[in-house]
Every structure is written in structure tokens, then in C-alpha cells.
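One structure below.
Where a number appears in this text, it was derived from the coordinates with a stated rule and is not lab data. This is a predicted model, so every value here is computed, not measured. Cβ placement follows ideal geometry from the backbone for every residue including glycine, while neighbour counts extend to all protein chains displayed.
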Amino acid sequence: MMLKERHILFLYILLWFLYELQGLLWTEGNLLSQAIIITLNGVSVYYLWMVNLKVTSKPSYIYALNALLLMFFFYGVIYILEGEHVYLGVSVYKTFNYLKNIMNSLLPIYVFYYFAWKGILSKKYLQVLTFFFFIVVIISYWSYDMDSRSVLAESGVERDGIVNNMGYEFLCLFPILTFSNKRPFLQYLGIICVMTFILMGMKRGAILIGALCMVWFLLEMFRTAKRYKKLLIVVVSVVAVILMSYLVWHLMQTSDFFSQRLQATIEGNVSGRDFLFVTFLNYFLYDTTFFQFLFGSGANATLEVSINYAHNDWLELAINQGVFGVVVYAVYWVCFFRAWRSMTDNRLVGFAFGLVMLIYFMRTFFSLSYGDMNIYSTIVLGFCLGVESRKREGKTISV
């Protein structure tokens, strides 16, 4: 049985790799891609059931995640049955995409939690996967870059840079770097690689969160190092900061687009998000019925209000699920924080879990968080939770 489950974990991760590379290996959204994502979600639902049925020492985070998913499932099914497809420019947002994106985002946590609880997903497993994660994300970054430039060229737009959303994918590689703690040189290379691609991607939210993660990472390395290594870490950290500063200077000298975005950020230009926030907040406070105020206007209702998403989880939930959704989400984050605080006696696990928490909590304020988790972060999240459950049950742990 153990051998079979190891194979399942391997195939599950392999299928996620293939799904992440769709559009490069084959046409995005074709029959093969649909078969892969249906298989992945089927496996994920099975392990959701197994976690809730078999694991007796579940943290409160899992119960909060159950409640969050149940809420999204209820609203998503209603949207599929009664909603209409939304046209965003030349693309069509089909009703089932709402639920599909959230399931792709959150369900893998149960799979990785279960395999970590069983002792199959280990620290060594994560160390091996780190290399492959970097390869897949780098390939995806350049694929996105080339596709975006082709679209701009076909539209007759001349620009020396683009905003590459894959910066957020690189951001999510920070937590898994934690488990290479016995190889600090690889950690430094990983940090520099992550920050380089984030800066080149010019996604300001990713740059902000990435800077916070880098500072926290370097401080943690310094705090846990032995005396004779602390000076070396300070020197290497200074070198890393200098390299990042040079990269920013180089981008400013060679890319007008980068300079414009930096200047816009300094001037407080947030790409119209301030207008969106005011629009959605006013709608929620003054234009909703009492029922809509309490339970929302339904999945993707923000698209009906402003033909755009709120770019803020709290406002998105307020419009779609009302006060009820905001409360469920707040409880979820309280349980997330409590789970992190309970990991204080396992510094490595707690630090990795804390990085995931920091990344996605920050994203709740200016970017999609609950519907945009990826395998690079959910595997760390599930592993940390599974290790904690094994510890509570008195089982051996791999870190």
C-alpha cells in the first residue's frame, strides 16, 4: 500500500507539471488539458475525504478550509446553474471557471497534507522537487513573455517591456527554499534567481512581497546560523542586496517601461485600483439590499458591478458572498495564523509556513489570493500541516 501511495503522489505532481506547461506542450484548454485537470481534481476530492475521515489530529486550519471550500462550492454551483458567461474583451469567462479556479487553488492542500501525515512527503522529497519547480516556472515565465510580446506586436503596440504575471509564481518558490537549509549557497542562488525574475516581471505587488520575503529569509538565516557563519551571512547578504540594486539600476537605464512603472508607483499610481476599491465599497455599503449585504450578490457579481474584479479579496467576498463570506474568510485567516503560532517548536517548518502565510495574506489586499494558490506553495502548506499532525500523534517527523 505504501508503494502504491508513493506512485500516486509522484503521478499527481507530474500531472500538475504537465498542466502548468499547457500552451507550450500542447494547445491550452484542449481535451488533454481538460482530462488532466478533471483527474487532478478527482484525486484531490478523494484525499479531501480521506483527510477528514482518517486524520484525527487535524489542526483548526483544515476545518476552516473545509468551511471556506463549502461556501465557494455552494455559490459556484448556483453560478453554474443560473449564471451567464461573461465576455471580458475578446475572451469568454465561462460559469464553471469560477469554481474550477478555486478548486485548482485550494484542493491540493488536502493531498499534500495527507501524504505528509502518512510520512510519504518528506523534506528530502521537497528538496528534490525544488529543482524541478524552478525549471517549470522559468519555462513558464519565458513562454508567457513570448506570448505577451507576440500579442503586443500583432496589436501594433511598441513597448520595451511587459508586466509578466509569472512573477507571482516565482514569489511562491521562497517557502520551499527553506528546506535547503543545509545548503545555504543554494538558498542564496535561489533567492537571487527569484528576485531577479520578479523584478524583470515588473509586477509591483510581487516585488513588494518578494522584498519582504527576502529580508525575512536573510534575517532567519542569520538568526539560526552558528557564530562563525554569521559574518559570512552578513557579507553574502550585502552582496545579494548590491546585486539586486544593480539590477534595478540596469532596468531603469535600459527599459523606459520599467522606469515609467517605478515612477508611477512613487507617485501613488496603482493602476486604477483605488477607483475600483471606492466603486466596490460604495456599492456594498449603499447599493445592496439587506439580503445582498448579508449573503452577497452571487459568484462573480463584481463583474456585473464594474466589469472587473475587485483586486482585493475582502471586497470581492463582500460583493459576492456578503458579510457571511467576509466572516468565513476572516475565520480562515485566524486559523491560518493560529496554525503558524503552534509551530514555534519546529523553527524550520514554522518559517516555511509563515512565508506562505505572509505571501497570500499580503495578496488579499491587492491581488487574488484564495483562487490563485499554486502547487509550489500548497505543497509546502500541506507538508507543514502534515508534519504538525504527525508530531501530535507521536509519530516520527522528517524535519
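General remarks:
- Local electrostatic count, Tyr144, Cβ distance below 12 Å [Lys/Arg +1, Asp/Glu -1]: -3
- Cα centroid separation, the stretch 88-137 to the stretch 355-399: 11 Å.
- The distance separating the Cα centre of the stretch 313-335 from that of the stretch 16-58 comes to 26 Å.
- Listed from fewest to most Cβ neighbours within 10 Å, the set Trp249, Trp333 follows the order Trp249, Trp333.
- Overall size of the stretch 1-50 from C-alpha positions, given as principal axis extents largest first: 36, 20, 13 Å.
- MRE, 222 nm, helices only [DSSP H, n ≥ 4, -39500 (n - 2.57), over the chain, to nearest 500]: -24500 deg cm²/dmol
- Spin-label model distance (nm) - Trp49 vs Val151, 7 Å beyond Cα toward Cβ: 3.8
- Unit charges on C-beta of K, R, D, E only; dipole of the stretch 2-392, Debye: 2360
- Residues Glu316, Glu20, Glu5 arranged by fewest to most Cβ contacts within 10 Å: Glu5, Glu20, Glu316
- Candidate values [x] 31, 29, 22; [y] 52, 23, 18; [z] 33, 24, 19, label of the one derived for semi-axes √(5λ) of the Cα gyration tensor in Å: [x]
- By definition, a body whose alpha carbon gyration tensor gives a ≥ b ≥ c is oblate when a/c is 1.5 or more and a/b is not larger than b/c, and the stretch 55-201 fits this oblate description.
- Each residue, Lys124 and Leu232, gets one label point 7 Å from its Cα in the Cβ direction; the gap between the two is 2.4 nm.
- Net charge dipole, the stretch 177-238: roughly 240 debye, given to the nearest 20, about the Cα centre with Cβ charges of +1 for Lys and Arg and -1 for Asp and Glu.
- By the beta-carbon count within 10 Å of each Cβ, the least crowded to most crowded order of Ser148, Ser44, Ser377, fewest first, is Ser148, Ser44, Ser377.
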